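We did not get these values from a lab; they are worked out from the coordinates using the rules stated. The shown structure was predicted, so the numbers you read here are calculated from the model rather than taken from an experiment. Methodologically, a virtual Cβ is constructed for each residue, glycine included, from the backbone with ideal geometry; neighbour enumeration extends over all protein chains shown.
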Amino acid sequence: MNTSDTRAQLRRLGLATIGALIVVGVAAGPAAAHAEVTASDPRALAENVTLSFTSEAESDTAGIAELRVVLPKGISPDAVTLKEAPKEWKLTATPDGYAIGGAALAKGTDAEYSITVRQLPDEKSLAFKTLETYGDGKISRWIEVPTDGEKVDNPAPLLELKAAAPGAKPIAPGPSASPTSSAAPSLKPSPAAPPAPVASASAQAASQEDAGSNAGVVIGGIAAVALLAVVGTFWWLRRSRA
């Protein structure tokens, strides 16, 4: 084999290697960013458990400013307290979970925080659907829950639980666990939740639409009567002339 043939083969081999690396990089790209959760005591019915969350930054233009989490069944918003978070970030309860955020983090900085849960439910796994909002308004949705071992593009943070400790029992819910009129105002609505005025505005729009429909029926009736009067007058004049 001469030198030129050897160089040609090396060139082809190099191009093939670069192509394979590009394919692997593209395939791994979407799965690189994700959200995770770990527990200090990952057992069903465990009490005063610290849950630590990490949401990887995936925006090239802005940092994470807020995370909105939907709590799994068995954990109420009032059973959650903030333990550790980025500086000046606050946790606010929402009807279905909580929102945590503040000043946007530096671009490329992962959002890490931890909460304390009064008691984990008696389940095999818990999914914490999460919305990441960046300083520029971009939203990443980690809300998909895989079933039967299937892979999903945007998996929600999933916590696998071990069996409950012997003798473990559900503790009594807190006084504000069940919704009451006095507890409702303490739940500040998340930015993602539609505000109340929107609903009332929709109701007003529906009322106006109904009123418009009724008015249309009345106007249509008047127009029909007028048309009949014109036709009747024309027929009477024609008959009189005949």
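Close amide H pairs (under 5 Å, H built 1.01 Å from N) link ASN154 with GLU144, residues at least 5 positions away or on another chain. With a simple spin-label model that places each label point 7 Å from the Cα along the Cα-to-Cβ direction, the separation between THR81 and ASP136 comes to 3.9 nm.
In this structure the amide hydrogen of LEU161, modeled in the peptide plane, comes within under 5 Å of the amide hydrogens of SER125, LEU126, none closer than 5 places in sequence on its chain.
Stretching THR50 away from LYS107 to a fully extended chain increases their span by 17.8 nm, per 0.36 nm per residue minus the current alpha-carbon distance.
Here's how it looks for TYR113: its modeled amide H is under 5 Å from those of PHE53, which are all 5 or more places away or on a different chain.
Rounded to whole numbers, the Karplus 3J(HN,Hα) couplings from phi for the stretch 81-95 are 10, 7, 10, 8, 7, x, 4, 6, 7, 10, 10, 10, 5, 10, x Hz, using 6.51 cos²θ - 1.76 cosθ + 1.60 with θ = phi - 60°, and x at Gly and Pro.
In order along the stretch 133-141, the Karplus-derived 3J(HN,Hα) couplings, from 6.51 cos²θ - 1.76 cosθ + 1.60 at θ = phi - 60°, round to 10, 9, x, 8, x, 5, 10, 10, 10 Hz, and Gly and Pro are given as x. Computed from backbone phi, the HN-Hα couplings of the stretch 153-167 come to 6, 10, x, 6, x, 10, 10, 7, 10, 8, 5, 5, 5, x, x Hz, rounded to whole numbers (Karplus: 6.51 cos²θ - 1.76 cosθ + 1.60, θ = phi - 60°; Gly and Pro given as x). The length gained by stretching the chain between GLU123 and ILE171 to full extension, at 0.36 nm per residue less their Cα-Cα distance, is 15.8 nm. Pairs LYS87/LYS169; LYS90/LYS124; LYS83/LYS162; LYS73/LYS151: which are spaced more than 26 Å apart, C-alpha to C-alpha? Going by Cα-Cα distance, LYS87/LYS169; LYS90/LYS124 fall outside the 26 Å limit.
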